[in-house]
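What follows is a single structure, written as structure tokens, with notes after it.
The values are calculated or read from the model by the stated rules, or taken from the named source; none is laboratory data. These numbers come from a predicted model, not from an experiment. Virtual Cβ from ideal backbone geometry, glycine too; neighbours counted across all protein chains shown.
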Amino acid sequence: MTKQVIHILAVVFFLLGLNNHLQSQFFYSTELQGIVKSIDGISISKAHIINLSSRMGTITNKEGTFELLANKSDIIQISSVGFKTLIYVIPATEEVKLIKYFTLSIDTIQLDEAIIYPFPLTLEELKEEFLELSMEEEPPAFDLHLDEAGILGLPQTGAIIHGPFSAIYEKFSRSAKFRRKYEALIEYDYRKQEASKIYNAELVTRITGLKSKDEIAKFMQYCEFEPDFVIHAKSYDLYLAIENCYSEFITIKE
């Protein structure tokens, strides 16, 4: 009886491994490798790379590189806060393994007129100034620029395994890993949108005195704070972080 159970388990795990192998070879015929940069050649980290055809996603690392499983003719969306969204369609005649360079253009945002006031000279007055800042509460602006109806209507890709082995499949399959990355992107994008309501061009201008849109964009790209820090930090701590980063930014420019 024990030998029969061992044989059955061996067959089951063999079939699971064969299924994953066939899935990677059949359902995903292309491994897209890319590098995302701005127009001036600066690598863009944490850019969202989403395969609209399979609903899989990933993000770029510090060097702006990424890897994503895809099929020929799949539609790839590349986006990052502060840049225009780029759509790329994988040609049907491409090689199996792709290495592409993607360049994102700066997205020009029209801001309301800002009146710049000099900061108080004493530290205590400076603290009071920030504590009295009023932030208008608005509903969450959560938008990945995706066609919800189109995505929900797309067919599911890959195999669905029911039964006690589904947890193993979800943990180790490449398809499930990319799906979890996609869900993490959704959550991260929400926090990033919330942080952009606090750490924005208007606040940068008020603290640093920068007025040029290009200079502000370069500074915010250089001083890219984590969304959780921006959301939870006290106003005074956020001000000091921006001021310290601005000092480094000026030194590098010189």
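Computed quantities for the displayed model
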| item | result |
| --- | --- |
| Selection count where residues are of a type in the set (Gly, Ala, Ser), farther than 21 Å from Ala217 by Cα and free of Cβ contacts under 8 Å to residues at least 60 places away in the same chain, scope region 34-75 | 2 |
| Hey, Ser45 more than 21 Å from Tyr190 (Cα to Cα), among the small types (Gly, Ala, Ser) and in a loop (DSSP other than H, G, I, E, B) or not | no |
| Residue ID - surrounded by the fewest Cβ atoms within 10 Å (Cβ to Cβ), chosen from residues in region 53-82 that are at pLDDT below 90 and hydrophobic (A, V, I, L, M, F, W, C) | Ile75 |
| Options Tyr182, Tyr190: the member that is aromatic (Phe, Trp, Tyr), under 23 Å from Gly64 (Cα atoms) and touching a residue at least 60 places away in the same chain (Cβ under 8 Å) | Tyr182 |
| Subset of region 204-254 [of a type in the set (Gly, Ala, Ser), assigned to a helix (DSSP H, G or I) and more than 20 Å from Glu63 (Cα to Cα)] | Ser235, Ala241, Ser247 |
